[in-house]
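Student: Here you go, one structure.
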Amino acid sequence: MIGQPLDRIDGPLKVTGQAIYAYEHWEPGQPLYGVIVGATVGKGRITRIDTDSAEHAPGVRMVMTHRNAPEQGARDESVPMEYWRAQPVLTSPDIHYHGEPVALVVAETLEQARAAAALVHVEYAAGRGRFDFAAYEDEAYAPKEANGGFPTDTEVGDFDTGFSTADVRIDQRYTTPYELSMPMELHACLVQPRGEDLIVYVSCQIVDAALASIASTLRIDPARIYIITPFVGGGFGSKLGIHAETILAAIAARALREPVKVALTRQQIFQLVGMRPTSSQRVRLGAGRDGRLVAVAHDVTMATNPDIEFAEQTAATTRSLYAAPHRLTTHRLTPLDLPRGADVRAPGEAPGLLAVESAMDELADALGIDPVELRIRNEPAVDPESGVPFSDRHLVECLREGARRFGWEHRPTTPASMREGRWLVGYGMAAAIRKHFQGQATVRVRLEADGTAVVQTDMTDIGTGTYTILTQVAADGLGLPPERVRIELGRSELPTSWGSGGSWGAANSSTATHRACVAVREKLLVTACGDTGSPLHGLDPAEAVFAEGSVRIGGADEALSEILARNHPDGVQAEGETRFMGDDPNYAAYSIHTYGAHFAEVGVDADTAEIRLRRMLGVFSVGRVLNPKTTRSQLIGGMIWGVGAALQEEAVVDLRSGAFVNRDLAQYLMPVHADIPDVDAVVLDGYDDKANVLGMKGVGELGICGAGPAIANAVFNATGVRVRDFPITLEKVLPGLPLMDT
Ligand code: MOS
């Protein structure tokens, strides 16, 4: 089954409306509805808050503000990861960012809650906020480390000397905007009190984190909380942790002793779940005339919320990408009074490669070397900073295969030299690299007496295909047809995991599932080979083959159901585990990444600078593929995200108020179907035996990495205009367009 393009197990449930999402749960006793009221200033203090009219509005059961909210647990930085920490809300009259919750209104219907929320009257003493990244960029500080445990700075060799003596030098600054995760399913929850317990239906990526975060914020025993999240309509990082909607619903449900639902509005997602902070990145590349890099520096400054530090690891993979003896990377942060920074798909690589792979294109242009060839010339033999070997690196194959399939040889070598009617046509490419993370996961597999298997873990399926791939892994592991495997996910009473995030979910949960299957097999073999009633009695278990619901050893075989019926009427179960990478020696001994190469063709309107993507191809190396269909879907989804990053996405801050002015999907642009023509993703055959026992690595975020710069480089090739401030919108291209005969 592994490697087969199995259709999604959960597909029929989703398209027939039977997959129930957090806000859709209904419990006996009509739930109450909560609506969050947000601050209308970006910095300051509440001087007066009048809830009288709201409290007396029809159907209203509760208005909670900082004056009557219960004391909550504080955010505790000794808890290793943010998403597991307390997330207190309504703790004081101070306002830290625009949209910060100032009240929760709970009423019998959503309409009543919304109407009453409009009656909450708040007055503020507005303070002077720091909202303008450019104005404060120079005040940046060095965080203790970058996210993901990456060092803040690294230096190898002597960058300044290496750079100053290089034949050809690129020294450019690139900026990337605030970007947001925009899952289709809004952040939402239903909290149902049952005695002292809380049943929490919440849309989240990591069940264990939601549990820990709610328990420590509300200061209740985690054993009293039950998280249920069988289906999640996208996360993209914004559901790694829980937010005000969940904490407020839980507080209200406990206080009222009734079920309470709270969902964010689409506009509130721009304020309350965090965003990818804006970045300013200086990239310096020094090379010989032969194209070999001698010096690489990547200096990153990003915004952070002052209270909740967020240091995106934007220069981290630059450390592993190209060979060069002299190297430097730095991360700096400028505190701004804006919502917290948060992981947004491919944190680090997504903005970092926009800069570095644009700079590589600039270097190729300066040297007159083909951009694909330039990258191949700088392929390192070992990880260029850590010095450890790569586990399984096939970047060069991705580059070559992509160039061949795309027809790269037809690229115009002179920018702005190919024209088709009104369209200037250009080709661009970029490399992709993404760190492969491994985190803790435990999976329980139980083989029932009837010969069906149940796989249980608190792992989530956020639209990525967890149900499907774990079915394949368990079917393979136990030699069962897929219809005899049942997957149970997303409940806190199941064995814990790091859930979905960081592209680690599939590998963590699959590896643990595989191990659990191996343990179940061993138990069955001990039984069968020691059972005088079995045809397998006395045979060598090392030769056993599990297939089609039976065990075969040599010429003898027996159905699993018969072994179970005789010896294990209650079934057989075992757990399998995946260890945190910090406890797995391979992750120190090897540099473990996924790779790819993106190729894009764009047309740019010679008069208006309208940019249209015409086709795009990504070729990737991810180790072994569990399911080519779900893998391709994820890679293509990532590539389309890259289109948005290159051309469209940008949350714009009002420098007076600190509000995102374009906070809805009419104004925060991202690609729609009409923007996306022919996009294809190809995955090379592979197996990374250092990553895990299945040889697989994460694919979720790889498609984004490098997709944006491939398009940016195509725009340059089409027009001769290099835009370094993303996104590349037409007003930035238009002034540089060549004059054409019309
Ligand atoms: Mo991802 S940004 O870790 O969901």
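The values are calculated or read from the model by the stated rules, or taken from the named source; none is laboratory data. Owing to the predicted nature of the structure, the values given are computational and were not obtained by experimental measurement. Glycine gets a Cβ as well: all are built from the backbone with ideal geometry, and neighbour counts include every protein chain shown.
Student: Go through (1) within 16 Å of the ligand (Cβ to nearest atom); (2) assigned by TED's automatic domain parsing to the domain that holds V652; (3) hydrophobic (A, V, I, L, M, F, W, C) one by one and return the number of the condition F236 breaks.
Tutor: Unmet for F236, out of (1) within 16 Å of the ligand (Cβ to nearest atom); (2) assigned by TED's automatic domain parsing to the domain that holds V652; (3) hydrophobic (A, V, I, L, M, F, W, C): (2).
Student: G241 is checked against (1) touching a residue at least 40 places away in the same chain (Cβ under 8 Å); (2) away from the ligand (no atom under 16 Å from the Cβ); (3) under 24 Å from V37 (Cα atoms); (4) in contact with a helix residue (DSSP H, G or I) (Cβ under 7 Å, 6 or more places away or on another chain) and fails just one. What number does that condition carry?
Tutor: Among (1) touching a residue at least 40 places away in the same chain (Cβ under 8 Å); (2) away from the ligand (no atom under 16 Å from the Cβ); (3) under 24 Å from V37 (Cα atoms); (4) in contact with a helix residue (DSSP H, G or I) (Cβ under 7 Å, 6 or more places away or on another chain), G241 violates only (2).
Student: Do the conditions hold for R340, that is, is it surrounded by fewer than 24 Cβ atoms within 10 Å (Cβ to Cβ) and within 16 Å of the ligand (Cβ to nearest atom)?
Tutor: So R340 passes the test.
Student: With away from the ligand (no atom under 16 Å from the Cβ), within 25 Å of L186 (Cα to Cα), in contact with a helix residue (DSSP H, G or I) (Cβ under 7 Å, 6 or more places away or on another chain) and modelled with pLDDT of 95 or more as the only criterion, which of T301, T246, T229 stands out?
Tutor: T246
Student: Something else now. How do the pairs read when you match residues in region 532-544 that are closer than 19 Å to R566 by Cα with residues anywhere that are assigned to a loop (DSSP other than H, G, I, E, B), using Cβ under 6 Å and keeping only pairs 6 or more apart or on different chains?
Tutor: Partner pairs satisfying both residue conditions: H537/D531.
Student: Can you give me the number of residues within region 177-196 that are assigned to a strand (DSSP E or B) and under 24 Å from A342 (Cα atoms)?
Tutor: Qualifying residue count for the region: 5.
Student: Somewhere in region 609-625, is a residue part of a loop (DSSP other than H, G, I, E, B) and within 23 Å of G235 (Cα to Cα)?
Tutor: Yes, region 609-625 contains a residue that is part of a loop (DSSP other than H, G, I, E, B) and within 23 Å of G235 (Cα to Cα).
Student: Next question. Against the condition of a type in the set (S, T, N, Q), assigned to a strand (DSSP E or B) and surrounded by 21 or more Cβ atoms within 10 Å (Cβ to Cβ), how does Q205 come out, does it pass?
Tutor: No; evaluated as a whole, the condition is false for this residue.
Student: List the residue pairs whose Cβ atoms are under 8 Å apart, where the first residue sits in region 342-359 and is farther than 12 Å from E312 by Cβ and in contact (Cβ under 8 Å) with a residue 40 or more places away in the chain, the second is among the aromatic types (F, W, Y) and more than 16 Å from the ligand (Cβ to nearest atom), and the two are 6 or more positions apart or on different chains.
Tutor: Here the result reads L354/Y174; L354/F726; A355/Y174; S358/Y174; A359/Y174, each pair linking region 342-359 to a residue that is among the aromatic types (F, W, Y) and more than 16 Å from the ligand (Cβ to nearest atom).
Matching residues to (1) basic (K, R); (2) in a helix (DSSP H, G or I); (3) more than 19 Å from R340 (Cβ to Cβ):
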{"residue": "A113", "(1), (2), (3)": "no, yes, yes"}
{"residue": "E123", "(1), (2), (3)": "no, no, yes"}
{"residue": "G129", "(1), (2), (3)": "no, no, no"}
{"residue": "A134", "(1), (2), (3)": "no, yes, yes"}
{"residue": "D138", "(1), (2), (3)": "no, yes, yes"}
{"residue": "G148", "(1), (2), (3)": "no, yes, no"}
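Student: Since R289 meets every condition but one in (1) over 23 Å from the mean Cα position of the chain (by Cα); (2) surrounded by fewer than 21 Cβ atoms within 10 Å (Cβ to Cβ); (3) within 25 Å of V106 (Cβ to Cβ); (4) not aromatic (F, W, Y), which condition does it not meet?
Tutor: Status for R289: all satisfied but (3).
Student: Then there is this: Cβ-Cβ under 7 Å, sequence separation 6+ or interchain: first residue in region 362-379 and in contact (Cβ under 8 Å) with a residue 12 or more places away in the chain and closer than 16 Å to A324 by Cβ, partner among the small types (G, A, S) and part of a helix (DSSP H, G or I). Which pairs?
Tutor: Close Cβ pairs satisfying both conditions: L374/A364.
Student: Please count how many residues of region 548-586 are touching a residue at least 60 places away in the same chain (Cβ under 8 Å), touching an Asp or Glu at 6+ places or on another chain (Cβ under 9 Å) and charged (D, E, K, R).
Tutor: 1
Student: Please find, among G291, G274, the residue that is at pLDDT 95 or above and closer than 30 Å to I95 by Cβ.
Tutor: On the way: G291 fails: closer than 30 Å to I95 by Cβ.
One residue alone meets the criteria, G274.
Student: Within region 672-681, restricting attention to residues that are in contact with a helix residue (DSSP H, G or I) (Cβ under 7 Å, 6 or more places away or on another chain) and of a type in the set (A, V, I, L, M, F, W, C), which residue is surrounded by the fewest Cβ atoms within 10 Å (Cβ to Cβ)? It would help to see each step written out before you state the result.
Tutor: So the first thing to find is which residues in region 672-681 are in contact with a helix residue (DSSP H, G or I) (Cβ under 7 Å, 6 or more places away or on another chain), and the list is 675-676, 679, 681.
Still in the list and also of a type in the set (A, V, I, L, M, F, W, C): 676, 679, 681.
Values: I676: 14, V679: 21, A681: 24.
Here the residue is I676.
Student: Let me ask something else. Go through region 81-107 and give me each residue that's of a type in the set (A, V, I, L, M, F, W, C) and not in a loop (DSSP other than H, G, I, E, B).
Tutor: W84, I95, V102, A103, L104, V105, V106, A107, listed by residue number.
Student: Criterion first (among the polar types (S, T, N, Q), away from the ligand (no atom under 16 Å from the Cβ) and more than 30 Å from T165 (Cβ to Cβ)) does T278 satisfy it?
Tutor: Details: among the polar types (S, T, N, Q): yes; away from the ligand (no atom under 16 Å from the Cβ): yes; more than 30 Å from T165 (Cβ to Cβ): yes.
Yes: the conditions hold for T278.
Student: Could I ask something else about it? Looking only at region 571-608, count every residue that is within 28 Å of A674 (Cα to Cα) and in a strand (DSSP E or B) and tell me the total.
Tutor: Filtering region 571-608 for residues within 28 Å of A674 (Cα to Cα) gives 596-608.
Filter again for in a strand (DSSP E or B), leaving 596-605.
Of the residues in that region, 10 qualify.
Student: Just wondering, is there one or more residues in region 669-690 that are part of a helix (DSSP H, G or I), within 16 Å of the ligand (Cβ to nearest atom) and under 28 Å from V283 (Cβ atoms)?
Tutor: no
Student: Is it the case that region 358-375 has a residue that's of a type in the set (S, T, N, Q) and surrounded by fewer than 24 Cβ atoms within 10 Å (Cβ to Cβ)?
Tutor: no
Student: Restricting region 691-704 to residues that are touching a Gly at 6+ places or on another chain (Cβ under 7 Å) and part of a loop (DSSP other than H, G, I, E, B), which is farthest from the ligand (Cβ to nearest atom)?
Tutor: In this case the residue turns out to be G695.
Student: Among the residues of region 498-536 satisfying the criterion of being surrounded by fewer than 20 Cβ atoms within 10 Å (Cβ to Cβ) and touching a Lys or Arg at 6+ places or on another chain (Cβ under 7 Å), which is nearest to V445 (Cα to Cα)?
Tutor: Selected residue: D531.
Student: Right, something else. Could you say whether any residue in region 652-665 is buried (at least 21 other Cβ atoms within 10 Å of the Cβ) and either closer than 15 Å to H598 by Cβ or free of Cβ contacts under 8 Å to residues at least 12 places away in the same chain (or both)?
Tutor: no
Student: Mind checking which residues of region 128-158 are over 23 Å from G44 (Cβ atoms) and basic (K, R)?
Tutor: Passing the criteria: only K144.
Student: With the condition kept exactly as written, say whether any residue in region 525-539 is within 21 Å of L470 (Cβ to Cβ) and of a type in the set (D, E, K, R).
Tutor: No: zero hits.
Student: Now for a different question. Filter the strands (runs of 3 or more DSSP E) completely within region 409-521 down to those with at least 1 residues that are within 16 Å of the ligand (Cβ to nearest atom).
Tutor: Output list reads 423-435, 441-447.
Student: Also, I was wondering about something else. Conditions first: (1) loosely packed, with under 13 Cβ neighbours inside 10 Å; (2) small (G, A, S); (3) in the same structural domain as S53 (by TED's automatic domain parsing). S164 passes all but one, so which condition is the exception?
Tutor: If we test S164 against (1) loosely packed, with under 13 Cβ neighbours inside 10 Å; (2) small (G, A, S); (3) in the same structural domain as S53 (by TED's automatic domain parsing), just (3) comes out false.
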